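Remarks on the structure that follows.
The values are calculated or read from the model by the stated rules, or taken from the named source; none is laboratory data. What you are looking at is a predicted structure, and each value in this text was computed from that prediction instead of being measured. No Cβ is skipped: glycine too gets one built from the backbone with ideal geometry, and neighbour counts run over all protein chains shown. These accessible areas exclude ligands, DNA and RNA; they are computed on the full protein's heavy atoms, side chains included. Shrake-Rupley method; radii C 1.70, N 1.55, O 1.52, S 1.80 Å.
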Amino acid sequence: MGRQLSFVVALWKTNLLSAMEYRVSFLTQVFGMMLNNAIYFVFWIIFFARFEEINGWDLVDMLFLFGVVATGFGAGTYLFGNAIRLSSLIASGQMDYYLSLPRPVLLHALASRSNASSAGDFTYGLFSFGAAIYFSGSFGGLMLLRFTLGCMASIVVLISFLVLVQSLTFWIGNTSLLTRHAFNAIVTFSLYPITLFDGTAKLLLFTLIPAAFIGAVPAEFVRRFDLLQLTQICAGGAVFLLLSVFVFYRGLRRYESGSAIQVRM
């Protein structure tokens with residue numbers, strides 16, 4: 001376990017050094033993504049300027065929500081950048097490289113690439129969390145611990161969902177279009193209060209498109225401790241992680257080599 005962790009940390013360090021070779025481009029992407037998120041949040045500021053709350057959620061709750069989602073999304077897609085292009089690696093035969101090395105195939109494939117713009121999401125998420133603390137007037141070590149746990153759960157569910165969807169490539173071919181739609185759906189729905197949905201819609205947000213485990217549930221847990229919500233985010237993360245790993249390696253048995261074995265320096 002320790003050796004694998006050291007290996008992944010080395011990959012992350014290499015990715016960071018690679019991004020720093022073009023610092024202006026890196027910083028531009030970071031700033032651009034932060035600005036994009038801020039503009040999107042303006043909608044909610046305008047909305048709550050007219051309505052004090054919506055089904056129990058107010059502007060401070062939305063700051064907590066954006067804090068968890070942006071931080072989790074940013075950290076997840078930066079540290080495991082290939083999670084959004086896994087289907088292309090599978091369909092084009094580029095998994096040969098990862099299969100040729102004595103490392104966990106899925107972990108190596110996911111962590112071998114980083115997305116520079118995701119650092120902007122991560123930074124914005126921290127600013128949003130800080131703003132939520134300021135306006136709520138409540139902060140403590142336990143809240144910071146809940147925020148960290150909520151973001152980790154968000155990362156696990158997001159990456160597991162993306163792996164699960166793209167693992168279908170082993171059976172049905174390139175799923176790039178499906179992945180794009182699934183990605184947009186889970187990010188979009190994770191940025192809305194769960195109380196806006198009921199019945200079938202809420203069930204879908206806990207199962208087929210697990211946006212509730214990425215946004216609303218961990219955000220509510222960060223705001224105030226609830227044992228049921230803690231159980232939900234832990235169980236949700238564990239279930240989707242195990243399911244994604246199982247489906248990926250089951251599909252890997254069907255993988256067809258693209259003769260793309262190559263040496264990378």
query: Restricting attention to the range 1-20, and to residues there that are over 14 Å from GLY81 (Cα atoms) and polar (S, T, N, Q), which single residue is surrounded by the most Cβ atoms within 10 Å (Cβ to Cβ)?
result: GLN4
- prompt: Do you know which residues across the range 98-112 are surrounded by fewer than 18 Cβ atoms within 10 Å (Cβ to Cβ) and not polar (S, T, N, Q)?
  reply: LEU99, LEU101, PRO102, PRO104, VAL105, LEU107
query: How many residues are free of Cβ contacts under 8 Å to residues at least 12 places away in the same chain, among the polar types (S, T, N, Q) and closer than 26 Å to LYS13 by Cβ if we restrict to the range 108-151?
result: 1
statement: Counting only helices (runs of 4 or more DSSP H) entirely within the range 63-168, those with at least 2 residues that are over 25 Å from LEU5 (Cα atoms) are 86-91, 118-136, 141-166
message: Just checking: which of the helices (runs of 4 or more DSSP H) contained wholly in the range 170-226 hold 2 or more residues that are surrounded by fewer than 19 Cβ atoms within 10 Å (Cβ to Cβ)?
response: 176-190, 200-206
query: Out of (1) open to solvent by less than 40 Å² (accessible area, probe 1.4 Å); (2) farther than 14 Å from ALA83 by Cα; (3) not hydrophobic (A, V, I, L, M, F, W, C), what's the single condition that is false for GLN166?
result: (2)
message: Please determine whether any residue of the range 240-250 is part of a helix (DSSP H, G or I), within 20 Å of THR148 (Cβ to Cβ) and at pLDDT 95 or above.
response: yes
query: Residues in the range 176-195: is at least one over 21 Å from PHE66 (Cα atoms) and over 18 Å from the mean Cα position of the chain (by Cα)?
result: yes
task: Give the residues of the range 21-43 that are of a type in the set (A, V, I, L, M, F, W, C) and open to solvent by 60 Å² or more (accessible area, probe 1.4 Å), sorted by residue number.
output: VAL24, LEU27, PHE31, LEU35, ILE39, VAL42, PHE43
field: Residues located in the range 28-78, provided they are within 15 Å of the chain's Cα centre (by Cα) and aromatic (Phe, Trp, Tyr)
entry: PHE66, PHE73, TYR78
field: Selection from the range 81-97 of residues that are open to solvent by 40 Å² or more (accessible area, probe 1.4 Å) and within 25 Å of MET20 (Cα to Cα)
entry: ILE84, ARG85
- prompt: Identify, please: which residue in the range 235-244 is open to solvent by 70 Å² or more (accessible area, probe 1.4 Å) and touching a residue at least 24 places away in the same chain (Cβ under 8 Å) and is, among those, nearest to the chain's Cα centre (by Cα)?
  reply: LEU241
- request: Can you work out which of the residues in the range 44-62 that are part of a loop (DSSP other than H, G, I, E, B) and touching a helix residue (DSSP H, G or I) at 6+ places or on another chain (Cβ under 7 Å) is most open to solvent (accessible area, probe 1.4 Å)?
  value: ASN55
query: Within the set of pairs 6+ apart or on separate chains, which have a first residue in the range 169-182 that is of a type outside the set (S, T, N, Q), a second that is surrounded by fewer than 15 Cβ atoms within 10 Å (Cβ to Cβ), and C-beta atoms under 9 Å apart?
result: PHE170/ARG250; PHE170/ARG253; PHE170/ARG254; TRP171/ARG254; LEU178/ILE172
field: Tally of residues being under 16 Å from GLY173 (Cα atoms) and either without any contact (Cβ under 8 Å) to a residue 12 or more places away in the chain or not hydrophobic (A, V, I, L, M, F, W, C) (or both) across the range 77-105
entry: 6
- prompt: Just one of the numbered conditions (1) within 18 Å of GLY56 (Cβ to Cβ); (2) in a helix (DSSP H, G or I) is not true of GLY237; which one?
  reply: (1)
